[in-house]
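A quick write-up on the structure given underneath.
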Amino acid sequence: MITLKQIWEEIKDNKYKETEKDDFEWKPVRKDIFTVPDFVLPETRKQESLRTKLSKVLAFIDMEKYLRFSQGCTIIPVSCNNKRLKSICGNSKEVSRLIQFMKQIGLLKDEDTSYQFNSTISNYNKSKTYQYFYDNEIKIKEYCTANNIYIYRERNYKERSYIDTVVDIFAFEPSQVKFSSKLHLLKPTGMSNQKFEDILTSILYDNYPELSEYQKLADRINDTFFLDYPEFQVSYRPTFTWSKGDTAVRKIGIRATNQLSNVETEERKEKLKEYGMTLSKDVKSSVPRLSMSLTYGYWLPEDIDLYELIWNQYTSIKESEVNEINIDTVVDTFAETRESIKHLTLPAYFDYDDTRLGSHIRNRMNNKADKDDVYNEMNYLQQAVRRITGNCYDNEIFYHESNIYMKVLFRLLDEGYLVWQVYDSWYAKGDSTQEEYEKHVTELVAKIANEYLEGFRNGKR
């Protein structure tokens, strides 16, 4: 028999080995021999169009400032499918046009034009790479400053653009358009991907009436507090995952992020030092805690260890099926196994099929244990997670999490803190002690969450 602790140890070992042999993780590359092209703006009578393009170039420059070296030439990857670039430009085709414009004015130059997208081989996707010239970045910024051209500011909320009757041509009901990873929304023949996504977004506004409210809150936060900190600006728009061949949308997700949401631990420490942020608070076991709170209608206080609740259910379920647990050792066993439960709870929550869960977990293990043992252990854990968290909200949970935590962010900023939010964490610079800040944010999260949950109980999504 195998235990949860052994399963996690095998996954962890395999993860570390994969990291050591991963040849696809991109790092900035300095190009030693290069020629800086001339910075030349195209001649055009459409000055407003040129100004708009340059404002988007400024947004691209701001996006790359954490990747390029601050002198010379850096080789960088740029993908037409980059979510942030698509949000700046509108769609992949417009991203491609912006890249061509940046090559034309001398900011970029082709390095490697080969690429791979939607590969069936893990870790084999790659973007085209370009030479990025810091000298021309400076010239572009100087030109824009002299001509009052400002960085393009992405808006989270956009006015609705579809006509109600257009949904009559769809092979699905509007109620099926939701934040979920289990969709199959067929695109009508002849309709562009962008038009279909625009229509689905408009339907989302019907199905989630508060979505526009929170997008406007994100824009308010950006306009009021983050004009001088574009790296902290909140991006909060639906994302769409297409089936192979772009025939249908199979997943719609949303989560509030910023440019620095996914920086590695060491870089995060450097950024905290750079901004003078000495305060921090994160929500313990955020996703299962919020799921349980949505199910039962009140915020589960953070002094309750959710993983212990799951463990108690797990031992109860397992004891009823295989009489092998000594109740006298449960506390000690939980202390030893807590870290394993912490890492295995989310796969158990999001993988809705217990057979798929066992297969996915076993495939991640270094030494593949007996299939039935792994499947059974994960099945016991999944049953326990479901009993504790109640309903599974799939990736819609990130919609609710973002809404609640964005209000927390706004309140902290309004109180005078400089805050960098990373999903369920708030790093801050302010006059409080760490103890005061942690207590304050804990109480703030509980208050705002309970207000939100009251609305959720009354039929709001």
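The values are calculated or read from the model by the stated rules, or taken from the named source; none is laboratory data. All figures in this text were calculated on a predicted structure; none of them were measured in a lab. FYI the Cβ positions are ideal-geometry reconstructions off the backbone, even for glycines, and counts take in every protein chain you see.
Only residues that are in a loop (DSSP other than H, G, I, E, B) and on the phi < 0 side of the Ramachandran plot were counted in the stretch 96-113, giving 3. Looking across the stretch 374-422 at every residue that is among the β-branched types (Val, Ile, Thr) and buried (at least 18 other Cβ atoms within 10 Å of the Cβ), the one that is farthest from the chain's Cα centre (by Cα) is identified as Val374. Polar (S, T, N, Q) and closer than 22 Å to Glu231 by Cβ, is that true of Thr44? In short, no. Scanning the stretch 158-186 for residues that are closer than 24 Å to Ile88 by Cβ and either exposed (fewer than 10 other Cβ atoms within 10 Å of the Cβ) or at pLDDT 90 or above (or both) yields a count of 2.
Of a type in the set (D, E, K, R), out of contact with any Ser or Thr (no Cβ under 9 Å at 6 or more places or on another chain) and part of a loop (DSSP other than H, G, I, E, B), is that true of Arg45? Considered against the rule, which asks whether it is of a type in the set (D, E, K, R), out of contact with any Ser or Thr (no Cβ under 9 Å at 6 or more places or on another chain) and part of a loop (DSSP other than H, G, I, E, B), Arg45 comes out as yes. In the stretch 68-95, the residue that is nearest to the chain's Cα centre (by Cα) out of those that are assigned to a loop (DSSP other than H, G, I, E, B) and without any contact (Cβ under 8 Å) to a residue 60 or more places away in the chain is Asn82.
A quick yes/no check of all residues on (1) of a type in the set (D, E, K, R); (2) surrounded by fewer than 18 Cβ atoms within 10 Å (Cβ to Cβ):
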site: Tyr208; (1), (2): no, no
site: Thr224; (1), (2): no, yes
site: Phe232; (1), (2): no, no
site: Arg250; (1), (2): yes, yes
site: Gln259; (1), (2): no, yes
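The stretch 223-318 holds strands (runs of 3 or more DSSP E) entirely within its bounds, and those carrying 2 or more residues that are at pLDDT 95 or above and either of a type in the set (Ser, Thr, Tyr) or at negative phi (or both) map to 248-253, 279-282.
Candidates are the residues of the stretch 58-110 that are touching a Cys at 6+ places or on another chain (Cβ under 9 Å) and of a type in the set (A, V, I, L, M); the one that is surrounded by the most Cβ atoms within 10 Å (Cβ to Cβ) is Val95.
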